[in-house]
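Each remark here refers to the structure printed beneath this line.
The values are calculated or read from the model by the stated rules, or taken from the named source; none is laboratory data. Everything numeric in this text was worked out from a predicted model, so none of it was measured. Methodologically, a virtual Cβ is constructed for each residue, glycine included, from the backbone with ideal geometry; neighbour enumeration extends over all protein chains shown.
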Amino acid sequence: MTSKTIVRFLKGVGVCVTTALLLQTGASAQAQLPGRNLATIIVPYPAGSAFDIVARRIQPELGKKLAKTIIVENFGGASGSMGAQRLLNADIGTLTILIGSPNELTLPPLTLQSVRYKPEDFRMVAQLSVGALAIMTRPHFPASSLNELIEKATRPDAKPLAYASTGVGSIFHLAGADFAKRLGIGTTHIPYKGGAPAIQDLMADQVDITFLPLIPSYIQAAKEGKIKVLGIMSTERHAGLPDVPSVDSVAALRGFHYSMWTGLFVSSKVPKETAQIIGTETNKIVATPSYREWVGERGNSAGALMDLDQAAQYFHTESSRFERLARDIKIDRE
């Protein structure tokens with residue numbers, strides 16, 4: 001056997017050994033995941049909601065990466081707190097994940113007496129998307145711009161605006177309360193179990209206004225005249241409705257910025273090694289051009305890539321911000 005042949009043979013052995021080690025490492029990592037072949041992503045809102053759309057987008061790919069068949073379970077109610085509590089109640093021997101945000105994990109304990117958990121009960125493993133909220137009104141609301149809306153709402157004889165949210169204590173509830181406080185107007189809060197039923201009643205002229213993320217179905221509804229979108233609650237316009245101005249275009253609403261980001265969470269009782277696997281594999285999906293393009297087409301931004309420590313710090317910072325907001329608006333626990 002010549003020296004060159006020996007070198008080629010050793011290289012071949014090296015490749016085989018390296019491949020075997022990688023497969024062994026992957027198998028070892030998968031062995032750290034609880035449960036057998038099944039995993040669940042809990043969506044704390046009904047099917048068709050913004051969270052549900054993102055969950056179903058990552059469902060098949062994440063399932064392949066984790067070697068699990070992932071089931072998406074919609075479990076809405078009480079500002080998303082019912083879905084959050086379902087995660088905490090899940091058998092630790094199963095692989096159960098929640099798609100959520102401070103809206104479900106931080107605000108309900110501040111606004112609902114029935115909620116007993118704390119943000120610290122959850123561990124963030126990855127961020128999926130970030131998108132601004134929008135001011136939307138019913139199709140026959142007598143205003144076609146933010147200025148007209150403010151003029152109508154601030155008249156001495158104006159009736160209180162009926163505004164829809166996804167539940168008491170949700171970020172959308174807080175946005176409505178903040179809106180009323182900024183303008184000094186009367187409002188009536190109408191809580192729903194998700195964005196889909198809220199939008200349905202908005203389209204049916206049953207409520208006046210709502211503050212929700214612009215998902216594709218809402219954008220299409222606006223283009224068809226089924227709802228009105230009067231302002232984007234960000235410094236920038238939305239790619240899906242480029243003609244709709246930022247709230248900063250109106251002095252009374254300057255700085256009225258709210259966004260909704262989605263992340264994947266597990267119970268804080270889940271071992272860090274397990275959380276690390278889920279986070280690493282999710283970040284691989286979020287980093288792909290196809291995913292980032294998909295999110296961009298919906299006028300949002302793909303999530304930032306974070307390790308577990310960075311994710312924990314980010315979630316803590318966001319939770320603290322919303323806690324301050326709830327106190328500033330002085331929303332009572334119900």
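Counting the residues of region 49-73 that are in contact with a Gly (Cβ under 8 Å, 6 or more places away or on another chain) and either more than 23 Å from Arg298 (Cα to Cα) or not aliphatic (A, V, I, L, M) (or both) gives 5. Quick check, is Gly176 surrounded by 21 or more Cβ atoms within 10 Å (Cβ to Cβ), of a type outside the set (A, V, I, L, M, F, W, C) and farther than 23 Å from Ala47 by Cα? Criteria met by Gly176. Of the residues contained in region 235-254, none is found to be closer than 22 Å to Gly80 by Cα, outside the structural domain of Ala304 (by TED's automatic domain parsing), aliphatic (A, V, I, L, M) and not in a helix (DSSP H, G or I).
Touching a Pro at 6+ places or on another chain (Cβ under 7 Å), among the small types (Gly, Ala, Ser) and outside the structural domain of Gly83 (by TED's automatic domain parsing), is that true of Gly195? In short, no. Looking at this structure, is Ala132 within 30 Å of Asp243 (Cα to Cα) and of a type in the set (Gly, Ala, Ser)? Spelling it out, Ala132 is indeed within 30 Å of Asp243 (Cα to Cα) and of a type in the set (Gly, Ala, Ser).
Selection of helices (runs of 4 or more DSSP H) fully inside region 76-126 by the criterion of at least 1 residues being of a type in the set (Lys, Arg) returns 81-89. When restricted to residues that are part of a helix (DSSP H, G or I) and either closer than 25 Å to Ala50 by Cα or in the same structural domain as Trp294 (by TED's automatic domain parsing) (or both), region 128-160 contains 1. Number of residues in region 216-234 that are over 14 Å from Leu202 (Cα atoms) and either outside the structural domain of Pro142 (by TED's automatic domain parsing) or basic (Lys, Arg) (or both): the value is 1. When the residues of region 189-214 are filtered to those that are within 19 Å of Ser129 (Cα to Cα), at pLDDT below 95 and not aliphatic (A, V, I, L, M), the one that is surrounded by the most Cβ atoms within 10 Å (Cβ to Cβ) is Gly195.
Filtered by the rule that a residue be buried (at least 17 other Cβ atoms within 10 Å of the Cβ), modelled with pLDDT under 95 and assigned to a strand (DSSP E or B), region 256-277 gives Met260, Trp261, Thr262.
Scanning region 175-220 for residues that are farther than 24 Å from Ala158 by Cα, in contact with a strand residue (DSSP E or B) (Cβ under 9 Å, 6 or more places away or on another chain) and in a helix (DSSP H, G or I) gives Gly195, Pro197, Tyr218, Ile219.
One line per residue, one yes/no per condition, for (1) within 22 Å of Arg56 (Cα to Cα); (2) polar (S, T, N, Q):
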site: Pro245; (1), (2): no, no
site: Ser259; (1), (2): yes, yes
site: Val266; (1), (2): yes, no
site: Gln276; (1), (2): yes, yes
site: Ser320; (1), (2): no, yes
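Among residues of region 215-243 being acidic (Asp, Glu) and modelled with pLDDT of 95 or more, the one that is surrounded by the fewest Cβ atoms within 10 Å (Cβ to Cβ) is Asp243. The residue list Glu323, Glu318, Glu281 contains one member that is in contact with a Pro (Cβ under 6 Å, 6 or more places away or on another chain) and crowded, with 16+ Cβ neighbours inside 10 Å, which is Glu318.
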